[in-house]
Amino acid sequence: QVQLVESGGGLVQTGGSLRLSCQVSGRTFSFNAMAWFRQAPGKERESVGIISTDTYYVASVRGRFSISRDNAKNTLSLQMTNLKSEDTAVYYCAAGRRDYYSTPPAREEFEYWGQGTQVTVSS
């Protein structure tokens, strides 16, 4: 019954900014953690960051990306700035009910996933 739908992807030039949104619907929005992952062509899906009682970002995006949650709108956002070509990927939001997560979190630790939204950074 829980659904996650990403939006906001598109084409942006190197150095630009983009905000992604993940709309959550279903019985409850009570998740212990939510996260953003991304998958570039020919590469494995990798963690971008996670938010629970605190936030964590992988080194490659730290200082450039920011995760936030709007409980009133049941949305999870990813604000991306100073985008680079290597940020090009399909971005996915994820949610889980586990009490603990690894650092960085693993794909298998999340029960719910969106369909993804394409982000392309031109250079």
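Are there trypsin sites (Lys or Arg not before Pro) in the stretch 13-60 that DSSP marks as loop and that have at most 12 other Cβ atoms within 10 Å, and which are they? Write out the running numbers ahead of the final one.
On the way: sites: 19, 27, 38, 43, 45; in loops: 27, 43, 45.
Here the sparse-neighbourhood loop sites are 27, 43.
Are there any GluC sites (Glu not before Pro) in the stretch 1-72 that are in a DSSP loop and have at most 12 other Cβ atoms within 10 Å? List them by number.
Here the GluC sites (Glu not before Pro) that fit, given the DSSP loop and packing criteria, are 44.
Give, rounded to the nearest 20 debye, the magnitude of the charge dipole that the chain has about its Cα centre when Lys and Arg contribute +1 at Cβ and Asp and Glu contribute -1 at Cβ. Mind showing how you got there, number by number?
On the way: 13 positive and 11 negative charges, 39 e Å.
Roughly 180 debye for the chain.
Please give the length that would be gained between residue 25 and residue 40 if that part of the chain were fully extended, namely 0.36 nm times their separation in residues minus their C-alpha to C-alpha distance (nm, one decimal).
Using 0.36 nm per residue and subtracting the Cα-Cα distance, I get 2.7 nm.
For the stretch 45-123, state which chymotrypsin sites (Phe, Trp or Tyr not before Pro) are in a DSSP loop and have at most 15 other beta carbons lying within 10 Å of their beta carbon.
Here the chymotrypsin sites (Phe, Trp or Tyr not before Pro) that fit, given the DSSP loop and packing criteria, are 100.
State to the nearest 20 debye the size of the charge dipole of the stretch 82-123 about its Cα centre, where the only charges are +1 on K and R beta carbons and -1 on D and E beta carbons.
It comes to approximately 60 debye.
Could you provide, to the nearest whole Å², the per residue accessible area of the chain with probe 1.4 Å?
Values: 6640 Å² over 123 residues.
Here the residues of the chain average 54 Å² of exposed surface.
Please give the net charge around residue 107, taking every other residue with its beta carbon less than 15 angstrom from that of residue 107, where Lys and Arg add +1 and Asp and Glu add -1. Don't skip to the answer; put the middle values down first.
Working: positive: 38, 43, 45, 98; negative: 44, 46, 108, 109, 111.
Taking every other residue near residue 107 into account, the sum is -1.
Given the alpha-carbon gyration tensor of the stretch 6-73, what are the semi-axes of its equivalent ellipsoid in whole angstrom, ordered largest first, with each equal to the square root of 5 times an eigenvalue?
Working from the Cα gyration tensor, I get semi-axes of 22, 15, 13 Å.
Taking 0.36 nm per residue of sequence separation and subtracting the Cα-Cα distance, how much length would be gained by fully extending the chain between residue 118 and residue 86, in nm to one decimal?
Value of the extension gain: 10.2 nm.
What does the net charge come to around residue 6 if you take all other residues with beta carbon closer than 13 Å to its beta carbon, with K and R at +1 and D and E at -1?
Combined, the nearby Lys, Arg, Asp and Glu give +2.
Using all C-alpha to C-alpha distances in the chain, build P(r) with 5 Å bins and read off the rounded percent in each one.
Binned Cα distances yield the sequence 2, 12, 24, 26, 20, 10, 5, 1, 0.
What percentage of all Cα-Cα pairs in the stretch 34-79 are separated by more than 17 Å?
34
Hey, any idea what the orientation-averaged projected area of the convex hull of the stretch 57-116's Cα atoms comes to, in nm²?
For the stretch 57-116, the mean projected area of the Cα convex hull comes to 5.0 nm².
For the chain, set up a Gaussian network in which alpha carbons nearer than 10 Å are linked by springs, and say which option among 16, 42, 96 fluctuates the most.
With Cα springs under 10 Å in the chain, the top fluctuation among 16, 42, 96 is at 42.
The values are calculated or read from the model by the stated rules, or taken from the named source; none is laboratory data. Just so it is clear, the structure is predicted and the values come from calculations on it, not from any experiment. Reconstructed Cβ throughout: ideal geometry from the backbone, glycine too, with neighbour counts over all protein chains shown. Please note that ligands, DNA and RNA were not included when accessible areas were found on the heavy atoms of the full protein model with its side chains. Shrake-Rupley method; radii C 1.70, N 1.55, O 1.52, S 1.80 Å.
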